[in-house]
Every structure is written in C-alpha cells, then in structure tokens.
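The values are calculated or read from the model by the stated rules, or taken from the named source; none is laboratory data. All of these numbers come straight from a predicted model, not from anything done at the bench. Here the Cβ positions follow ideal geometry from the backbone for every residue, glycine too, while neighbour counts run over all protein chains shown. Heads up: the accessible areas ignore ligands, DNA and RNA and are worked out on the full protein's heavy atoms, side chains in. Shrake-Rupley method; radii C 1.70, N 1.55, O 1.52, S 1.80 Å.
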Amino acid sequence: MVNSVDVPLGKLKFAIIPVTSMHQNCTLWWDDISFEGAIVDPGGDLDYVKSVVLKARMRPRKILLTHGHIDHAGGARELQEAFDIDIEGPHIDDAFLLKGLTRQEPKLGQPVRDVTSGHWLHDGDTVYVAGHPFEVRHCPGHTPGSVVYISHKHKLIIMGDVMMRGRIGSTDLPYGDRDALIESIKSKILPLGDDYSFICGHGGGSSLGAERTANPDLAV
Ligand SMILES: [Zn+2]
Ligand SMILES: [Zn+2]
C-alpha cells in the first residue's frame with residue numbers, strides 16, 4: 001500500500017512505498033517540473049516500485065542508499081540495470097555489507113543481488129535530486145556506514161534506520177553499536193533542531209522535537 005503519493009514540497013515531491021515483508025519505506029523523490037528524481041532504498045517488490053514510478057510519471061536518475069541492509073538495498077542492483085542509473089551512498093564503511101547482501105538474513109522471499117555503489121558518500125557531502133540539495137551526514141551505529149539525507153529547505157530528513165518513531169534504530173544485528181548510534185543521533189541529528197521532521201526506514205515518521213522529548217532511548 002502506498003502511504004502517500006505526490007506529496008508536494010514546493011517543487012519537490014515524494015512518495016513512500018513500503019516494500020518487502022519488513023515493510024521497509026522505499027521512497028521516491030522527484031521534481032514536479034522535470035519529473036527527474038531519485039529512488040531511495042529499493043529493498044524489493046520492484047514491480048510495485050516501478051508501477052509507482054510510472055504512475056508518478058517520474059524519471060529516475062539515481063538510486064540513493066541509506067545503508068547496507070537487505071531490506072533497503074536488496075533490489076538496488078536490479079533497479080539500477082532496469083533504469084540504467086547510478087547508485088550513490090551509503091558511506092564506504094557499509095561496502096562489505098552491500099557486497100554480501102545475498103548472504104544476509106533474514107531472507108525476504110524475493111530476488112536479491114549484491115551491490116557495489118558507484119559513489120560512496122562522506123559526512124558533509126551534498127547529493128542532488130533533480131537539482132534539490134540534500135546534505136549527507138554519516139551516522140554509524142545501526143550499521144557502520146549508515147547515512148542520512150537532509151533537506152534543509154524543507155527541514156526534512158531521510159533517516160533510514162538510524163532512528164524510528166519512539167525508538168532508535170536496532171543495534172542487535174551484526175556490526176550494530178548502540179553507543180555509537182546514540183552518539184550519532186546526539187551529535188549529528190538532534191542539533192538540526194526540533195522543527196525538522198523525518199521519514200524513517202520502517203513505520204511512520206516523526207519530528208526531532210517529539211523524539212528529543214519522548215524517545216526513551218534518548219533519555220539521559
Ligand atoms: Zn537496517
Ligand atoms: Zn530496515
């Protein structure tokens with residue numbers, strides 16, 4: 001089920017598409033004049049993703065990845081070939097995860113291929129979606145190479161699995177590091193300000209203000 005299609009943010013629009021049995025939020029972002037855009041975290045259910053791309057009349061120009069987990073990146077290689085586009089992100093510290101996607105658990109019951117990013121990202125980089133800038137921040141902890149993408153103009157963060165509504169990202173998978181994740185959130189995310197909202201990897205989004213005051217994982 002598509003949560004939201006054609007949500008306007010000025011000239012930038014986005015759609016949230018939960019995919020795979022993990023209900024991972026793949027998102028589409030596109031400019032409403034050029035219709036060029038990016039697909040973020042295509043973890044699977046690619047026929048469904050492609051149908052929403054068609055419905056939105058979007059022209060994918062790149063794939064952005066937040067981190068190297070199978071539910072976020074399992075369909076990236078297939079989609080890269082289908083649209084003949086590049087993959088950008090995450091940070092190179094997740095390269096080993098992406099190269100071993102086919103060995104990752106849990107199996108999601110659909111085709112998965114290993115991935116090599118064409119452009120690893122660094123803290124402070126800017127990526128562009130049809131000319132709309134998103135700042136990259138490297139936020140290790142959920143995985144070593146997790147990144148978030150921030151639109152300062154819209155005060156909106158593509159959070160991946162760094163933080164969810166009401167909890168921080170999980171750190172019980174291999175290479176998770178709870179202390180590092182809390183440090184990432186406190187030093188790289190919360191200082192953006194309470195009025196920033198976010199879309200996260202699973203479930204509904206939230207605002208930094210709500211999480212700062214009510215997220216039990218962030219209580220000092
Ligand atoms: Zn994850
Ligand atoms: Zn996830």
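Annotations
- The phi-based Karplus calculation (6.51 cos²θ - 1.76 cosθ + 1.60; θ = phi - 60°) puts the 3J(HN,Hα) values of the stretch 124-132 at x, 4, 10, 10, 10, 10, 6, x, 8 Hz, whole numbers, x for Gly and Pro.
- For the residue pairs Lys11/Lys55; Lys50/Lys186; Lys99/Lys153, alpha carbon separations beyond 28 Å are given by Lys50/Lys186; Lys99/Lys153.
- Subtracting the Cα-Cα distance of Thr126 and Ser170 from their residue separation scaled by 0.36 nm leaves 13.2 nm.
- Note, ³J(HN,Hα) from phi for the stretch 173-190, Karplus 6.51, -1.76, 1.60, rounded to Hz, x at Gly and Pro: 7, x, 6, x, 8, 4, 4, 5, 5, 5, 5, 4, 5, 6, 9, 10, 10, 4
- Ligands, DNA and RNA left out, the 1.4 Å accessible surface of the stretch 4-218 is 51% carbon and sulfur atoms.
- Theoretical gain in end-to-end length, Glu36 to Lys55 [0.36 nm per residue, Cα-Cα removed]: 5.5 nm
- Based on the reciprocal of the average 1/r between different C-alpha atoms, the Kirkwood radius for the stretch 117-197 equals 13.0 Å.
- Cα centre as origin, Lys/Arg/Asp/Glu Cβ charges: the stretch 4-218 dipole, Debye: 420
- Here the stretch 4-218 carries DSSP beta bridges of which approximately 70% are antiparallel, counting only pairs with both residues inside.
- Relative contact order of the stretch 4-218, pairs being alpha-carbon contacts under 8 Å that are 6 or more residues apart, as %: 15
- Residue-count net charge about Ile150 - beta-carbon cut-off 9 Å; Lys, Arg +1, Asp, Glu -1: +1
- Estimated 222 nm signal from helices in the chain, with DSSP H stretches of n ≥ 4 weighted -39500 (n - 2.57), rounded to 500: -5000 deg cm²/dmol
- Listed residue (Thr66, Val52, Ala76) projecting farthest to the positive dipole end of the chain, Cβ model: Val52
- Quarter of Cα convex hull surface for the chain, i.e. mean projection, nm²: 10.5
- In the context of the full set of protein chains, the chain has a per residue accessible area of 43 Å² (1.4 Å probe).
- The simple spin-label model puts a point 7 Å past each Cα toward its Cβ; for Lys186 and Arg113 those points are separated by 4.3 nm.
- Amide hydrogen neighbours beyond the local backbone of His202, cut-off 5 Å, H modeled: Asn25
- For the pair the stretch 48-89 / the stretch 9-37, the C-alpha centres are spaced 10 Å from each other.
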